[in-house]
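Visitor: Pasting a structure here, questions to come.
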Amino acid sequence: MLTNYIIKWRTIIIKVIKLIISWHILQCVYDGEVSTSESALMLALYAVYIIIMQYNLQIRDIIVAKFSDP
């Protein structure tokens with residue numbers, strides 16, 4: 001059964017940014033081998049992504065308060 005979904009632009013922007021960053025990091029693996037430092041970097045960036053998603057509403061409120069018209 002198909003239902004109507006509302007796609008929020010913030011969700012798309014976050015996914016696109018994550019995809020672009022991941023793609024650039026994977027370009028560093030041009031020799032076909034993943035080093036320990038490269039894998040640690042990917043894990044660290046994934047951890048940052050999880051933290052951002054955990055506090056997404058609080059981050060949004062801070063940004064909206066900072067850039068909204070007084």
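The values are calculated or read from the model by the stated rules, or taken from the named source; none is laboratory data. All figures in this text were calculated on a predicted structure; none of them were measured in a lab. Cβ coordinates were reconstructed from backbone atoms using ideal geometry, including for glycine residues, and neighbour counts include every protein chain displayed. Accessible surface is based on the protein model in full, side chains and every heavy atom, while ligands, DNA and RNA are left aside. Shrake-Rupley method; radii C 1.70, N 1.55, O 1.52, S 1.80 Å.
Visitor: Of all the residues that make up the stretch 18-50, how many are open to solvent by less than 100 Å² (accessible area, probe 1.4 Å) and at pLDDT 85 or above?
Guide: The number of residues fulfilling the criteria is 6.
Visitor: For the stretch 26-42, what are the residues that are among the hydrophobic types (A, V, I, L, M, F, W, C), more than 13 Å from the chain's Cα centre (by Cα) and part of a helix (DSSP H, G or I)?
Guide: Matches in the stretch 26-42: LEU26, ALA40, LEU41.
Visitor: Select from the stretch 1-17 the residues that are outside any helix (DSSP H, G or I) and either at pLDDT 75 or above or open to solvent by less than 90 Å² (accessible area, probe 1.4 Å) (or both) and list them in ascending order.
Guide: THR3
Visitor: Does LYS66 satisfy the condition of being at pLDDT 80 or above, of a type in the set (D, E, K, R), within 20 Å of the chain's Cα centre (by Cα) and loosely packed, with under 11 Cβ neighbours inside 10 Å? Write out each step before concluding.
Guide: On the way: at pLDDT 80 or above: yes; of a type in the set (D, E, K, R): yes; within 20 Å of the chain's Cα centre (by Cα): no; loosely packed, with under 11 Cβ neighbours inside 10 Å: yes.
The answer is no for LYS66.
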